[in-house]
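Take a look at the structure set out below.
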Amino acid sequence: MLHKPAAETGIDNAAKKKARLGVWFFFLYLFFYAGFVAIGVLNYELLGQEVMMGLNLAIIYGFGLILFAVLLGILYNYLCSRYEDDMNDKEEIQS
Amino acid sequence: MIYGVSYIALLFFIVFVSFVLWLSFYFARKTKSAASYYAAGGQIHWAVNGIAFAGDYLSAASFLGICGMIASVGFDGFLYSIGFLAGWVVALFLIAEPLKRLGKYTFTDALNSTFKSRAVTLTAAISTLIVSIFYLIPQMVGAGDLVTPLLGLPHWVGVVLVGMVVIIIVASAGMTSTTYVQFIKGGLLIVLSTILTIYILKNGFTLKPDHKDQPYHEFAILSPEVANGKVVRAEDWKVVSQNEVKGKNFVKLEKGGVERWFDLVKKEEKYTLTEALSISEGDNGSKLYNGEPKSKAKFYQVGHMSKIIVDGKEVNRSGPVGPFEFLSTIEKSEIVRFSETKFTDNGKKVTVYSQNITSGKDFMLPGLKYKIGKGASVWSRLDFISLMLALFLGTAALPHILIRYYTVKSQRDARKSTILAIAAIGAFYVLTLFLGLGAAVNGVLDVESSNMAAPLLARAFGVVLFSVISAVAFATILGTVAGLIIASSGAIAHDLMDSYMKLDLSDEKKVRAGKISAFAVGVFAIALGILFKGMNVSFLVGWAFSIAASANLPAILFLLFWKKTTAKGIAWSIIVGIVSSLGIILTSPTMWDRYGLDTANAIHKLDNPAIISFPLAVITVFLVSLMSQQIRNNNTEQFKA
């Protein structure tokens, strides 16, 4: 019994397509995240530049990374759900 | 810091903890099988699971540690918020669904679903245990810190209290009750942090952050007579002694039978003595706080601004401010931080917390803890990169987060849960910046422990808010510790005893073994929580992330994305990840300080190991898998035959 999943999942024909999308989104986010770290290490002074509303680049970039993660997540869910609806039978989606 | 008992806070605390315990016993009656104990039967609603995810993840490190670190070192604390959230991107895009497809109860099961290898079982179970224990330490430290102002009890009592309550929770009901506890406290934490942020913005800024029952301490500034760098006279104070430590000069003065420490500062050829906070330890272990016994309550909460600039003008106080105005005002003003220096004076151990005026521009940039600007050393820059790497890669490899993927019924639900968690956690992390900065300027900091910034900030705005926030923070710790102990007990009872040692226990005995393991891990966590008192909990959690990123993530990623991965490759990668990350941590400057040694003599200058240990583990899984292809092929042939 312990070597069965806690809840059974059906066959997912969209699995490969979703995995590829996930990898793309991961690298997209990684690019911006690494950008923040790179600016900090290579051009630290740039983080102190005022960007908007009296706030420096460090704050705006930090908030931006948090917001970007949320938006990217919502888009990922939307696209994955569409792939599942298109490629799987309704019964499989439910499982 | 010196705290008295708050009876209202105590009442809220008892009511809340009682409710949590009742919830546990209620679900205990429904927990009959191993599936129910470890994975809540895979039947939790995705929305409940999403908020429970947030509740699980928003541990003491987030609420206590990040807020405290922002309050003491500014933007460097916010780096943890950015990194902790970014880690969810890895979890969502690369791990959540494939793992759910493989999923059973534990991280080890998932990792071993292809190979059925005893070596993978053993190494993954050990890794789960080590990561969970490193994650448990800061939670227990946070619990001790929290209980001190709440109940006026010593730190160790708080640690024991949390340990005992959690052992009861976990041993009674397992994952179902843990999920609902995390759901409730995750939701409450976000709501209460929003309320607290509104209070901060409404309050605005003032140079003298008085509290309702206690005016802010006015730190004395004296004009001394100095000859050859030595203070010879200091107004109506008597000069007792002077110590030069790491380029700073501390002077002990006496007035009315009370001795206080001052920081001697030379600015534009003029000397000033600025009052500091101090703890002096006598030969018999007794301590004097600011020269007086603890009962006199002369060891003040601190954190204020020395200059407030609003619309280009210097003011004594501002009115209510908007969120962006709040941040930009701090950036243009000056904040007084308190720096710790330890030395010996006439055979007595002395800790002085001296004022350190910091420009808002520096406070709102990385660099006060992780030096990366001009003049920063290579080690320091590497440490910064290493931290950001660990935070990014660690989340997806935390066993207690991974097991939550198995509590919902489908991959779609696992994905929706994760996105809801990201949104909730993201909102909370934005608030941490306001909470931390609010604590930095509102005179609520405990110089002995930065972890109490957020709850003490709540106390400045009213005892009811403090009571509720403290109770929720306590529940935060309860929920996270419960999740960690479930993961650890799963590793011991299910992975080690059942899968590795093949004890062939019945379903009922597996649950009992899990509960006994939970008790043992809980007791161990209590001991570690007492040992690591005083350390910032976010910093400690950073270590757990480093170990998880190094030991678990390469194994998971290669298993999911590279078909040539072998059981040997996974097992060796986990071993290399654990040994290298633990080795670097145990020889780090911070641990050197814990051992009572001079940090300058530490073997290396790296506090965060991921930059070395993660690539090492990746190379290991790759090379060992390539080298063991023949064995894999043979096994496959045998299987086909």
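The values are calculated or read from the model by the stated rules, or taken from the named source; none is laboratory data. Just so you know, these numbers come straight off a predicted model, no measurement behind them. Cβ coordinates were reconstructed from backbone atoms using ideal geometry, including for glycine residues, and neighbour counts include every protein chain displayed.
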Return yes when B:Phe324 is free of Cβ contacts under 8 Å to residues at least 60 places away in the same chain, not in a strand (DSSP E or B) and not β-branched (Val, Ile, Thr) and no when it is not.
-> yes
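Going through B:Val157, B:Val120, B:Val141, B:Val131 one at a time, which residue ends up being closer than 30 Å to B:Phe12 by Cβ and crowded, with 24+ Cβ neighbours inside 10 Å?
Working: B:Val157 fails: crowded, with 24+ Cβ neighbours inside 10 Å; B:Val120 fails: closer than 30 Å to B:Phe12 by Cβ; B:Val131 fails: closer than 30 Å to B:Phe12 by Cβ.
Only one candidate passes the filter, namely B:Val141.
Grab the strands (runs of 3 or more DSSP E) fully contained in region B:216-313, keeping just those with 2 or more residues being under 30 Å from B:Gly74 (Cα atoms) and free of Cβ contacts under 8 Å to residues at least 24 places away in the same chain.
Working: elements: B:225-227, B:230-233, B:238-245, B:248-255, B:258-267, B:270-275, B:277-281, B:287-289, B:304-310.
Here the list reads B:258-267.
Suppose the filter is on the phi > 0 side of the Ramachandran plot, surrounded by fewer than 18 Cβ atoms within 10 Å (Cβ to Cβ) and more than 14 Å from every other protein chain (Cβ to nearest Cβ); does B:Gly375 pass it? Let's see the steps before the verdict.
Details: on the phi > 0 side of the Ramachandran plot: yes; surrounded by fewer than 18 Cβ atoms within 10 Å (Cβ to Cβ): yes; more than 14 Å from every other protein chain (Cβ to nearest Cβ): no.
Spelling it out, it is not the case that B:Gly375 is on the phi > 0 side of the Ramachandran plot, surrounded by fewer than 18 Cβ atoms within 10 Å (Cβ to Cβ) and more than 14 Å from every other protein chain (Cβ to nearest Cβ).
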Only one of (1) under 21 Å from B:Met535 (Cβ atoms); (2) surrounded by fewer than 24 Cβ atoms within 10 Å (Cβ to Cβ); (3) not hydrophobic (A, V, I, L, M, F, W, C) does not apply to B:Thr480, and that is (2)
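Quick grid of which residues meet (1) more than 22 Å from the chain's Cα centre (by Cα); (2) away from chain A (no Cβ under 11 Å); (3) surrounded by 24 or more Cβ atoms within 10 Å (Cβ to Cβ):
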residue	(1), (2), (3)
B:Ala60	no, yes, yes
B:Phe75	no, no, yes
B:Asp109	yes, no, yes
B:Asn112	yes, no, yes
B:Ala124	yes, yes, yes
Filtered residues of region B:601-613 (kept if in contact with a Phe, Trp or Tyr (Cβ under 9 Å, 6 or more places away or on another chain) and within 20 Å of B:Phe539 (Cβ to Cβ)) | B:Ala602, B:Ile603, B:His604, B:Lys605, B:Leu606, B:Asp607, B:Asn608, B:Pro609, B:Ala610
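Could you tell me which residue of region B:391-444 is modelled with the lowest pLDDT, considering only residues that are basic (Lys, Arg) and crowded, with 24+ Cβ neighbours inside 10 Å?
Looking only at region B:391-444, we keep the residues that are basic (Lys, Arg), and these are B:404, B:409, B:412, B:415-416.
Checking the rest, the ones that are also crowded, with 24+ Cβ neighbours inside 10 Å come to B:404, B:415.
Working: B:Arg404: 63, B:Arg415: 80.
Once the filter is applied, the top-ranked residue is B:Arg404.
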Reported set for region B:469-510 where residues are aromatic (Phe, Trp, Tyr) and over 16 Å from B:Leu21 (Cα atoms) is B:Tyr500
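Find the residue count for region B:351-372, including only residues that are hydrophobic (A, V, I, L, M, F, W, C), modelled with pLDDT of 90 or more and surrounded by 18 or more Cβ atoms within 10 Å (Cβ to Cβ).
Narrowing region B:351-372 to residues hydrophobic (A, V, I, L, M, F, W, C): B:352, B:357, B:363-365, B:368, B:372.
Now drop any that are not modelled with pLDDT of 90 or more, which leaves B:352, B:357, B:363-365.
From what's left, surrounded by 18 or more Cβ atoms within 10 Å (Cβ to Cβ): B:352, B:363-365.
Result for region B:351-372: 4.
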Return the pairs, sorted by first residue and then second, in which the second residue is modelled with pLDDT under 85 and aliphatic (A, V, I, L, M), the first residue lies in region B:360-375 and is under 19 Å from A:Leu42 (Cβ atoms), the beta carbons are less than 9 Å apart, and the residues are 6+ apart or on different chains.
-> B:Pro366/B:Ile372; B:Gly367/B:Ala376; B:Tyr370/B:Ala376
